[in-house]
Amino acid sequence: MVAEARSGGLVRPGRTVGVLLLLAALTEASTVIHYEILEEREKGFPVGNVVTDLGLDLGSLSARRLRVVSGASRRYFEVNWETGEMFVNDRLDREELCGTLPSCTVTLELVVENPLELFSAEVVVQDINDNNPSFPTGEMRLEISEAMAPGTRFPLESAHDPDVGSNSLQTYELSHNEYFALRVQTREDGTKYAELVLERALDWEREPSVQLVLTAVDGGTPARSASLPIRISVLDANDNAPAFNQSLYRARVREDAPPGTRVAQVRATDLDEGLNGEIVYSFGSHNRAGVRELFALDPGSGVLTIKGRLDFEDTKLHEIYIQAKDRGANPEGAHCKVLVEVVDVNDNAPEITVTSVYSPVPEDAPLGTVIALLSVTDLDAGENGLVTCEVAPGLPFSLTSSLKNYFTLKTSAALDRETVPEYNLSITARDSGTPALSALTTVRVQVSDINDNPPQSSQSSYDVYVEENNLPGVPILNLSVWDPDAPPNARLSFFLLEPGAETGLVGRYFTINRDSGVLTTLVPLDYEGQREFQLTAHINDGGTPALATNISVNVFVTDRNDNAPQVLYPRPGQSSVEMLPRGTAAGHVVSRVVGWDADAGHNAWLSYSLVGAPNQSLFAVGLHTGQISTARPVQDTDSPRQILTVLISDNGEPLLSTTATLTVSVTEESPEARAEFPSGSAPREQNKNLTFYLLLSLILVSVGFAVTVLGVIIFKVYKWKRSRDLYRSPVSTLYRTPGPSLHADAVRGGLMPPHLYRQVYLTTDSRRSELLKKPGAASPLASRQNTLRSCDPAFYRQVLGAESAPPGQQAPPNTDWRFSQAQRPGTSGSQNGDETGTWPNNQFDTEMLQAMILASASEAADGSSTLGGGAGTMGLSARYGPQFTLQHVPDYRQNVYIPGSNATLTNAAGKRDGKAPAGGNGNKKKSGKKEKK
């Protein structure tokens, strides 16, 4: 590598225009450094130290942003700011850059800023022997008459080698033979071509054909070569050869000449007559590759015309070899050369390259601030390559010329971002040709702003409904937040804040994408574990100082059918034997199977069916109550021991089930009982004797339930006071209570926000029991539309229907909650033994009735229970005899409002079935007392 300085010192301007501003005035650089490098050097190969050669300060090189600028579209060289070395950045192919030119020089411009200086550099790309010679055809055929005299020359196909200098084609070699010798000639441009010289006359009778091999060899180390087979056919005599009237023709043609334009006409004559005197013109063998694609030759007239598109910038002079042969049996040929000079026209528009842009520009930037540096090139020559550059008028910018074909874009007036935040400057470059050609480029200049706007959102809070057992990593909410400021002040960062009382709770379940604001779950959620999460999303912008906004996100977990029913009575693993006297009439209640499901809504509705019994016709099971009764009178022929298997199934998707097994022992009826009671009346009288104990049990259960409800009321009042204090606190605006849900089993199903179903107060008098709900802030419709698709679609449509209903009108009853006889699953004990009714629409009713059944089942399963007497009694079967129905259990469905319905649960079973409620309008407890009397 060689570096030389072609002129003296450097001129450095000394005036700057402000903070982060470039040079306001440029002076022409007078230093040119020269380097030489071999082609095909690998990327990163050092060319030379431009910092040392230019006398620059290596320490300030990074701040001044030294760059290499060239007119080419590819960046072949770059400068390492740490070492000052200029290195190869892209593949250098001398043949691609300069073609067949003997010297290949790449002109570069070195640009530094603060202050702005320009330096010129030239890199000479030296050739290496990386190309093989090649022939235009795979085989050459010659026809030579046997009458041809020794010494006659025959032009051979010329090989082409893209390399130059000593690496180009140097000589030709001919295979050994006894007829021909090889003469190597040199053209005017220094290239080599070969001629075949006849040294010994041919004899067609002795040898009609001759096979030769021509080898082209270049001068590289090691040398590269190519071979061309030559097939010579020996012909009979033709004693006169054609002759051209001149050996050299010259022509000039414009590079934009259309195909078919006449270039020249060659003429040859032959003294022979007939076919031996008729001339046929064709291209000779010495033509370069591409001549036949650019020019066409008429074989009869010798007229040379343009066939392809000429390009002055590619080749300025074409050397065409033409041969003439007669049509004789042994044709002989003559050769001439045509030199075609291509005349340049203005067919290349200028090219604009933006080498440096200072954007965004502060709106308080002073006048004369340098915005961009542009270089303009034109491939045409002479006047066609002279270029001027201008910017559109009426804008606060101007263009000044610094060096040849270099222009500086500066501010000429004050900028105002509030008026125009961004400029798309149209810069036009126009050459001096006729007609003039121009090029247009656009420079985008942004005006920077300050951070004066916090992040904004269309909603201050979101309500999200997520089905439990969800797939972790799936987005559940995408926060819509934006910042009116310009980047980077508008770059947002999302975080989740941990509540003070539950440190680490949010981070265990949820995460938010810091850049996109997409909220996802880390683990599957469990409705039975926790049904509600209150999150706070904290959003920062990218300004200094940063501004922030908080958004409240309420995540409600909805239920899935992921829990199988559980058997509460008879208890699994414990033996349970029910006594059934022979002669018992049909419809007698033997026992009751009690099931429980931890799920909510219709997922917890249970149905019962008898799947196993020695005698299927003897017993029947209530579909929804689980009550086992006799389907016909007990006969003497019935087996004394009956093992019953009851299938308990829920109503979820998928359906889950379990089985319960109990034993019924058929006993002999005593003679005393037959004599004392008429047929069919003994069980009824026995049940009456048990009435006192049943009423006592009911009183104890009611008292226990009243104590429990009172405790719940006290606890809820305490929680309500705490929540009221919380809402009155300054931070209460960060959280919002979700609005009520309509038309669904929202309490247990998880679709109703928790603050509604927690505020429930019941009195011991079931007729005056009320569902008191604390209304929350109305949740906007947009908030509900942000919930996940995992929410029940029917519920979503009901919510929309309720929103659109006129104010003050109650939504009509939802008929979807009614089931046919074969479709009514449910929980045991939620109906008064009536199999023709429908299930209540509110899960709260189911929970209350299940609580009573659980209490009764627990007492029945307890060995210390005194109900039913000692051995030989009916046990639990007596408890559920014909006189002990659910009318003795307080109806907790009364006066309970069903969301989306016009009715309450007062006497719900009777109204749904079209029957009058049992016991009239009196208290259920009072009816029990009257029966005792």
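The values are calculated or read from the model by the stated rules, or taken from the named source; none is laboratory data. These numbers were taken from a predicted model, which means no experiment stands behind them. FYI the Cβ positions are ideal-geometry reconstructions off the backbone, even for glycines, and counts take in every protein chain you see. Surface areas here come from the heavy atoms of the whole protein model, side chains and all, with no ligands, DNA or RNA. Shrake-Rupley method; radii C 1.70, N 1.55, O 1.52, S 1.80 Å.
Worth pointing out:
- Filter result for Val634 (assigned to a loop (DSSP other than H, G, I, E, B) and surrounded by 15 or more Cβ atoms within 10 Å (Cβ to Cβ)): yes
- Contact map, the stretch 239-266: residues that are hydroxyl-bearing (Ser, Thr, Tyr) paired with residues that are assigned to a loop (DSSP other than H, G, I, E, B), Cβ distance under 7 Å, separation 6+ or inter-chain. Pairs shown: Tyr249/Val266.
- Test: Thr400 is in a strand (DSSP E or B) and either among the acidic types (Asp, Glu) or farther than 30 Å from Val553 by Cβ (or both): yes
- Looking at Thr105, Thr152, just one residue is closer than 28 Å to Gly290 by Cα and modelled with pLDDT of 85 or more, and that residue is Thr105.
- Qualifying positions in the stretch 589-613 - farther than 26 Å from Tyr527 by Cβ and surrounded by fewer than 23 Cβ atoms within 10 Å (Cβ to Cβ): Ser609, Leu610, Val611, Gly612, Ala613
- Restricting Leu367, Leu374 to those that are more than 30 Å from Arg250 (Cβ to Cβ) and either in a strand (DSSP E or B) or open to solvent by less than 40 Å² (accessible area, probe 1.4 Å) (or both) reduces the list to Leu374.
- Counting the residues of the stretch 132-174 that are open to solvent by 40 Å² or more (accessible area, probe 1.4 Å), assigned to a loop (DSSP other than H, G, I, E, B) and of a type in the set (Ser, Thr, Tyr) gives 1.
- Any helices (runs of 4 or more DSSP H) falling wholly within the stretch 43-122 and containing at least 2 residues that are farther than 27 Å from Asp378 by Cα: 50-54, 61-64
- Matching residues in the stretch 306-324 - criterion: being within 22 Å of Pro155 (Cβ to Cβ) and of a type in the set (Asp, Glu): Glu319
- Number of residues in the stretch 413-437 that are open to solvent by 60 Å² or more (accessible area, probe 1.4 Å) and more than 25 Å from Asp485 (Cβ to Cβ): the value is 3.
- Qualifying residue in the stretch 482-496 (condition: in contact with a helix residue (DSSP H, G or I) (Cβ under 7 Å, 6 or more places away or on another chain) and either of a type in the set (Asp, Glu) or farther than 30 Å from Ser412 by Cα (or both)): yes
- Checking the stated criteria, Arg250 turns out to be open to solvent by 30 Å² or more (accessible area, probe 1.4 Å) and outside any loop (DSSP other than H, G, I, E, B).
- Looking only at residues of the stretch 550-580 that are open to solvent by 40 Å² or more (accessible area, probe 1.4 Å) and outside any loop (DSSP other than H, G, I, E, B), we find that the one that is farthest from Arg641 (Cα to Cα) is Asn550.
- Among the residues making up the stretch 399-446, those that are of a type in the set (Val, Ile, Thr) and within 16 Å of Val370 (Cβ to Cβ) are Thr400, Thr408, Thr411, Ile427, Val443, Val445.
- Pick from the stretch 459-514, criterion aliphatic (A, V, I, L, M), farther than 13 Å from Asn540 by Cα and open to solvent by 60 Å² or more (accessible area, probe 1.4 Å), ranking: farthest from the chain's Cα centre (by Cα): Ala501
- Complete set of residues in the stretch 262-310 that are open to solvent by less than 30 Å² (accessible area, probe 1.4 Å), small (Gly, Ala, Ser) and either part of a strand (DSSP E or B) or under 23 Å from Asn330 (Cβ atoms) (or both): Ala264, Ala268, Gly277, Gly284, Ser285, Gly302
- Output for the stretch 5-61, where each listed residue is of a type in the set (Asp, Glu) and at pLDDT 85 or above: Glu36, Glu39, Glu40, Glu42, Asp53, Asp57
- For the stretch 311-333, a tally of residues being in contact with a strand residue (DSSP E or B) (Cβ under 8 Å, 6 or more places away or on another chain) and open to solvent by less than 30 Å² (accessible area, probe 1.4 Å) returns 8.
- Residues of the stretch 432-469 that turn out to be over 18 Å from Val553 (Cα atoms) and part of a loop (DSSP other than H, G, I, E, B), as a count: 13
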